[in-house]
1. Collect the residues in segment 455-481 that are in a loop (DSSP other than H, G, I, E, B) and under 17 Å from R513 (Cα atoms), keeping them in residue-number order.
2. Identify, from the list L357, L386, the residue that is of a type outside the set (S, T, N, Q), farther than 23 Å from R149 by Cβ and modelled with pLDDT of 95 or more.
3. Exactly one condition in (1) outside any loop (DSSP other than H, G, I, E, B); (2) touching a Lys or Arg at 6+ places or on another chain (Cβ under 9 Å); (3) not small (G, A, S) is not met by P286; state its number.
4. I'm told Q506 meets every condition in (1) within 27 Å of S122 (Cβ to Cβ); (2) not in a loop (DSSP other than H, G, I, E, B) except one. Can you identify the failing condition by its number?
5. Determine if segment 390-411 includes at least one residue that is in a loop (DSSP other than H, G, I, E, B), within 20 Å of the chain's Cα centre (by Cα) and of a type in the set (K, R).
6. Within segment 371-382, identify whether any single residue is modelled with pLDDT under 95, more than 20 Å from G303 (Cα to Cα), acidic (D, E) and outside any strand (DSSP E or B), and answer yes or no.
7. Taking into account only those residues within segment 101-141 that are under 16 Å from the mean Cα position of the chain (by Cα) and of a type in the set (G, A, S), which is farthest from D39 (Cα to Cα)?
8. Looking at S551, S540, which is the one that is among the polar types (S, T, N, Q), in contact with a Leu (Cβ under 9 Å, 6 or more places away or on another chain) and modelled with pLDDT under 85?
Amino acid sequence: MKQVLILNITRMGDLIQMGPLLARLREEQPGVAIDLVVDRQFALVASMLDGLREIISFDFHELIDSSRASVKDALSLYQEAATWARPMRDRGYDRIVNLTFNRPSAFLAGYIGAPDIRGGRSAWDGGIVIDNPWMAYFTDIHHSRRINRFNLVDVYALGGSGPGTFAPLHVTLPAESRDWARRFLASEKPEAGQWIAVQAGASDIMKAWRPAHFGAALAALSERWKGGLVFIGSPSERETIAQVILAYRGVGGRNPFINAAGRTSLQQLAALLAESRLLLTNDTGPMHMAVAVKTPVVDLSVGHVDFRETGPYGAGHWVVQPDLDCAPCGFEQVCAHHSCKDRLVPNQVADLMLHVLGSGPFPAGISQCRIYESGIDEDRLGTFRLRAGSELPGTDWYGTFWRRYRYQAFTGALSHVPEPEGPAPDAGIALNVMAMLTPKLDSLCKRAEDIVKAARCTPIAVSKLRALQQEQSRERESAVYLGMTTLATAPLTTECVRAIHNDNVQGMELLARHHERAYRRWRDQLDEVRRCLSETGGRSSARKLPMIPGSFPAYAG
């Protein structure tokens, strides 16, 4: 019997999002035994997932906090973790799927060990190295967020297993939790009859719509819909909910409501969502839980949230995103205005909710935002289709191009997603950049060869080697700067920079060879993308893209 160990130790939403990975593993290897390592505080969420043999919990937050506070030295902390993990090491797992990209999880993956490790593992020097192409792509997404078209749910499933049948998010609710939810709603506000759940808070204020706007949208809804509202959240979000309720009452909100924040267990929260007709929410863990209990979601995607990465997965959900050039902003960006939150018009959000409830048409006259409907694409992956508003032509074209390119390069299978229409909007500029970039990459490859030769000399000519490395660094900086100027070359540039640092070799010569392979892969990929843009106005992307020499291996199932 095959054994797989999954490491997923950070957030509730990440656990729920790995449901399709569990289904894909069972499809790939019928009878597989799957164990899960999870942070102790999320063990109850893990118990709601299907297909796990064992849930193994540890207080990782305490481990990380103690490390940061220097309560214990790092060696002692890791020795404790190693002692706890030794039984897993003795089991002899066939595969480890590490969905958490930090040093503790990388240490565990490397310490427990398996012939097939997907995700981060410890390098020889204590750093993190990533081998699997999908897991490596996970670390690249934030550099090209505007053109990413892969939901993290699919990245987890493709990286941890491979292509296969579409599987929705799913959690199993105990019957007593459903009974509790029905009794709770009926006893609190029996006159409501049907309910909408509202998640107005968020773990990060950057990704939360303004409380006043929540209140105005719900008040506008109450003029045409007569059910009840149930506010959900953690105890720390009660103040935010109080502000929403104050705004709601202030503009004439009429629906009965319940403030359930901090009054439920995780299973009871899931049951409340299952009893609701709809969830209006920021990008949060409860959003994924609502998807998993088949409750439609209206996701308000503001701040640094990119719904294409973490939005509601599968068909039947809706996303509202501000129409701003800076949306979504970067994770490390400090925003001085938060004006994206004012681009979502409360009355338009209310109209969309009515449509989802079956009480009105799709809203007309949408302004200042984009509305997307979630779905399943031709490759059986999650997708979002624009229903109102507009995207920049270049963003849309390259989003589709790179979606197809990555799928085919990483899986070795033909993508059935339709090719982007017509040539790239900036094809002339992109090809010119590629023409300037090619000799720079040729020079980098030659410089890497020279460093390999110099490193093989005995004794090493230190001054010559240092001069070659300095020249290589200057050439790389110039190539990276140029490569990041167009959407046709930026993804490959990002991949190469990451690959250079994603090393696990000792010795000057081996490191030089590692760099040489990264530059040659960048050069070969550039030729392939240039061919796609050149032939028939860019439409050669319709054909199956061959695996690029030196690139990641295809999934071998």
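The values are calculated or read from the model by the stated rules, or taken from the named source; none is laboratory data. The structure displayed is predicted, hence computed values, not measured ones. Note: ideal-geometry Cβ built from the backbone for every residue, glycine included; neighbour counts use all protein chains shown.
1. Selection gives C457, I460.
2. Going through L357, L386 in turn, the sole match is L357.
3. (2) is the only condition that P286 fails.
4. (2)
5. Quick first cut of segment 390-411, residues in a loop (DSSP other than H, G, I, E, B) only: 390-392.
Right, trim to within 20 Å of the chain's Cα centre (by Cα) and you get none.
There is no residue in segment 390-411 that is in a loop (DSSP other than H, G, I, E, B), within 20 Å of the chain's Cα centre (by Cα) and of a type in the set (K, R).
6. Checked segment 371-382: no residue is modelled with pLDDT under 95, more than 20 Å from G303 (Cα to Cα), acidic (D, E) and outside any strand (DSSP E or B).
7. A136
8. Of the residues listed, the single one that is among the polar types (S, T, N, Q), in contact with a Leu (Cβ under 9 Å, 6 or more places away or on another chain) and modelled with pLDDT under 85 is S540.
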